[in-house]
Amino acid sequence: MVLSDACFSEDPGLVVIDLSDPKNPKLIGKLKIPGYSTYLHPIDEKRLVGIGRDERNRLKISLFKLEDKTKPVEVDRYILPKYYSPALYNPHSFLWDRDNKVLIIPGGNSCYIFKIDRDRISLKMEDIHKGNVLRSLYINSYLYTLSNSQIHIIDMRDWDIVKEITIGENLS
């Protein structure tokens, strides 16, 4: 089990706990990093993504490598220009497409689309809405991003917006 210890101490970071013996959990690894993660999501057997804040309270995406669980490593991080995302506290706002290695999270009136290759996080696209982005989902090769006033349909093969639909003044 891997946890962010932002909630447990004033020394934020990442901790790895061995729960193979439920009666005797053991702290086996720890990583001190600037900032903290409020949500952690495994993207494969050896890596996980953290959504949180950096030392200046900005929105941060971290990529952690756990090849040696006693020595976790933050291999990359991306600082967003927004200060809030529902993905900080709501896992339904976080979308990971394992087949295409694409991470999608909302931040204010934008939906940020990232490509994660090996040890690198790169911004693929910023989809800007007229209202706050709430969720996203994909069906086949189309990504649907939903704000409180619009739905955008994006072709994931070329990342073009193929349709924008206005849905009203307030959906939340």
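The values are calculated or read from the model by the stated rules, or taken from the named source; none is laboratory data. Just so it is clear, the model here is predicted, and its values are computed rather than measured. Neighbour counts are summed over all protein chains in view; Cβ atoms, including those assigned to glycine, are modelled from backbone coordinates with ideal geometry.
Just one of the numbered conditions (1) out of contact with any His (no Cβ under 7 Å at 6 or more places or on another chain); (2) surrounded by 18 or more Cβ atoms within 10 Å (Cβ to Cβ) is not true of Y84; which one?
All conditions are met except number (2).
Which strands (runs of 3 or more DSSP E) does the range 81-170 wholly contain that include 3 or more residues that are more than 25 Å from G50 (Cα to Cα)?
150-155, 160-166
Check every one of the strands (runs of 3 or more DSSP E) wholly within the range 1-72 and list those with 2 or more residues that are at pLDDT below 90, within 25 Å of H92 (Cβ to Cβ) and of a type in the set (A, V, I, L, M, F, W, C).
2-4
Which condition number in (1) surrounded by fewer than 15 Cβ atoms within 10 Å (Cβ to Cβ); (2) among the polar types (S, T, N, Q); (3) farther than 28 Å from E164 by Cα is the one that S62 fails?
(1)
Can you name the condition, by its number, that K124 falls short on among (1) closer than 18 Å to I139 by Cα; (2) modelled with pLDDT of 95 or more; (3) among the charged types (D, E, K, R)?
With (1) closer than 18 Å to I139 by Cα; (2) modelled with pLDDT of 95 or more; (3) among the charged types (D, E, K, R) applied to K124, the lone miss is (1).
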